[in-house]
Amino acid sequence: MIGIESGLETPNAAKTDLVDFIDWPRADLDELMVLAERLKARRRAGELFQPLRGKTLGMIFEKSSTRTRVSFEVGMFQLGGHAIMLSSRDTQLGRGEPMQDTARVLSRYVDAVMVRTFSQVRLEELARFSTIPVINGLTDLTHPCQVLADIFTMRERFGRISGLEVAWIGDGNNMCNSWINAAGIWGFRLRIACPPSHQPLARYMETARSRSPGCIEITSDPAAAARGAHVINTDVWASMGQEEEEAVRARDFAGFQVNRELVELADPAAMVMHCLPAHRGQEITEEVLEGPRSAVWDEAENRLHIQKAILVRLIEGIRAIA
Ligand code: CP
Ligand code: NVA
């Protein structure tokens, strides 16, 4: 429903966004996991499930992407809908059209919008001025769709989420912040090993600890984080937007590589995760990325299944399927 107030369309309070999954009740996230599991099973069985016929997703990209773009676009197609790629290079956003104007215009055309951008503020502005659901496809602070796919992968591999021990090795970046949010929600133990100069934001750790006391440990010793862990997780040392810091960061993160020696300290059934793209020989060795403990290709595939669950939930309100 759209209202006109002083020439501005009032936000639709009834819509649900996925700005950050920390805003969602745990029960809704667990429900989403089951829905993604069902969607994956149906896809594997070759069954068509197309509740989004006639629906369109707008996808704003202000940073590069392979997985996020392709999995959302393919997901919409499989669900019977359509997706439009809106690169900031080719739209008026790149020429300075305000996000609030873009939000209101897109709300007149499409049924949901996914955005990959730099600041969380820009994402929140899009959510505030849109009357349609908004999905965070990565910001400098968080990457909720990726970490939901990662939690789904962990649940698929171990049959549970609670009680697991997860090591995060490397940068306290957007991925690490979303893993901290996940630890707060599901209460698994997250041991973060990062250089003191690259720790995650304190407020994410405080929120997680207040929800699940004892869920976050922080160290500068990768071996201490990896010992006995069920999951070893890493990400690039220089994220998108930090290209000029690459050389300095390579020095800062020396000793924070996920390699065979580190993986051997983990639980014998441990899996190694990386959201990709990976830099072989930097944050992870080729041997580990391509080795028997690596779950990275399943993890990448699961972006598709969890995002299909997010799309049907946000666009059509579907919470469960047979
Ligand atoms: N992991 C991930 O988000 O990949 P892309 O940057 O390719 O979308
Ligand atoms: N931390 C990385 C994740 C890429 C999917 C980045 O922001 O570039």
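The values are calculated or read from the model by the stated rules, or taken from the named source; none is laboratory data. The structure presented is a predicted model; accordingly, all values stated were derived computationally and were not measured. No Cβ is skipped: glycine too gets one built from the backbone with ideal geometry, and neighbour counts run over all protein chains shown. We work out accessible area using only protein heavy atoms, side chains counted, and drop any ligands, DNA or RNA first. Shrake-Rupley method; radii C 1.70, N 1.55, O 1.52, S 1.80 Å.
The figures follow:
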read-out	value
Under-21-angstrom lysine pairs by C-alpha in the chain, whenever the two are 8 or more apart or on separate chains	5
Accessible area (Å², per residue) of segment 236-302, counting only protein heavy atoms and a probe of 1.4 Å	51
Sum of -39500 (n - 2.57) over DSSP H runs of 4+, divided by residues of the chain (222 nm, nearest 500)	-12500 deg cm²/dmol
In degrees, nearest ten, helix 174-186 long axis to first principal axis of the chain (Cα)	90
Cut-off under 5 Å, modelled amide H: who pairs with Ile135 long-range	Leu18, Val113, Met114, Val115
Long-range tail of P(r) for segment 1-149 (Cα pairs > 21 Å, %)	46
Segment 112-203, accessible area per residue, ligands and nucleic acids excluded (1.4 Å, Å²)	25
Top of Leu48, Leu148, Leu311 by mean-square fluctuation, Gaussian network on the chain, Cα under 10 Å	Leu48
Cα-projected label distance for Ala27 with Ala41, points at 7 Å along beta-carbon direction, nm	2.2
Positive-end extreme of charge dipole, the chain - chosen from Gly137, Val121, Gly81 (charges on Cβ)	Gly81
Antiparallel bridge percentage (DSSP; both residues within segment 147-254; nearest 5)	0
Angle in degrees between helix 26-44 and the longest Cα principal axis of the chain, rounded to the nearest 10	90
Amide H within-cut-off set for Ala83, under 5 Å, with H built and near neighbours excluded	Leu57
Whole-number percent relative contact order across segment 200-293, with pairs defined as alpha carbons under 8 Å at least 6 apart	32
On Cα atoms only, tilt of 144-158 relative to the major axis of the chain in degrees	50
Accessible-area ranking of Ile185, Ile218, largest first, probe 1.4 Å	Ile218, Ile185
Computed label-point distance, nm, for sites Ala202 and Phe77 using a 7 Å Cα→Cβ extension	4.8
Added length on full extension, which subtracts the Cα-Cα distance from 0.36 nm per residue, Asp90 to Glu217	41.4 nm
